[in-house]
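The values are calculated or read from the model by the stated rules, or taken from the named source; none is laboratory data. These numbers come from a predicted model, not from an experiment. In this analysis, Cβ positions are derived from the backbone assuming ideal geometry, glycine residues included, and neighbour counts consider all displayed protein chains. Surface accessibility is based on the protein's heavy atoms, side chains included, excluding ligands, DNA and RNA. Shrake-Rupley method; radii C 1.70, N 1.55, O 1.52, S 1.80 Å.
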Amino acid sequence: QVQLVESGGGLVQAGGSLRLSCAASGRTFSSYNMGWFRQAPGKEREFVALINKNGSFTKYADSVKGRFTISRDNAKNTVYLQMNTLNPEDTAVYLCAADGGLYSTRSLSYDYWGQGTQVTVSS
């Protein structure tokens with residue numbers, strides 16, 4: 001079992017930045033690929049970014065490529081999402097997830113989820 005707790009969300013103006021954190025506890029953090037997803041009201045959950053177990057591979061949704069950066073610190077059992085140049089379309093609940101298998105952009109591949117942190121970008 002892995003417990004995931006996100007933090008760092010909030011209200012920011014367009015063009016601003018936020019850094020989200022996801023702290024993991026439980027089984028070995030470095031055994032899991034980690035992903036960030038987001039879900040806006042009335043919309044389906046969408047993939048944002050993923051990072052593999054040792055941090056050597058990352059993948060981003062086209063909508064955030066060049067603006068967001070995912071990273072992890074296995075010594076601290078934490079994965080991060082640095083979000084720059086935010087725009088109102090980035091407003092959503094951001095969730096981190098852990099995947100014990102092959103890394104994937106599909107939410108169904110992830111075994112454990114956090115509760116999410118709200119990010120609101122004002123225009």
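Some notes on this structure:
- For region 1-71, chymotrypsin sites (Phe, Trp or Tyr not before Pro) meeting the loop criterion (DSSP other than H, G, I, E, B) and having at most 11 other Cβ atoms within 10 Å: Phe57.
- The Glu89 and Val5 beta-carbon pair, evaluated with R₀ = 30 Å, returns a calculated FRET efficiency of approximately 0.70.
- Counting DSSP beta bridges with both ends in the chain, the antiparallel % (nearest 5): 90
- Using only Cα coordinates, the Kirkwood hydrodynamic radius of region 31-74 works out to 11.2 Å.
- For region 28-122, applying the loop criterion from DSSP together with a ceiling of 11 other beta carbons within 10 Å to the trypsin sites (Lys or Arg not before Pro) yields Lys43, Lys65, Arg106.
- Candidates Ser104, Ser21, Ser56: whichever shows maximal mean-square fluctuation once the chain is modelled as a Gaussian network with Cα springs under 10 Å: Ser56
- Carbon + sulfur, % of accessible area of the chain - ligands and nucleic acids excluded, 1.4 Å: 46
- Mean Cα-pair separation over length for the chain, i.e. relative contact order, pairs under 8 Å, 6 or more apart, %: 36
- Surface per residue (accessible, 1.4 Å probe) for the chain, Å²: 51
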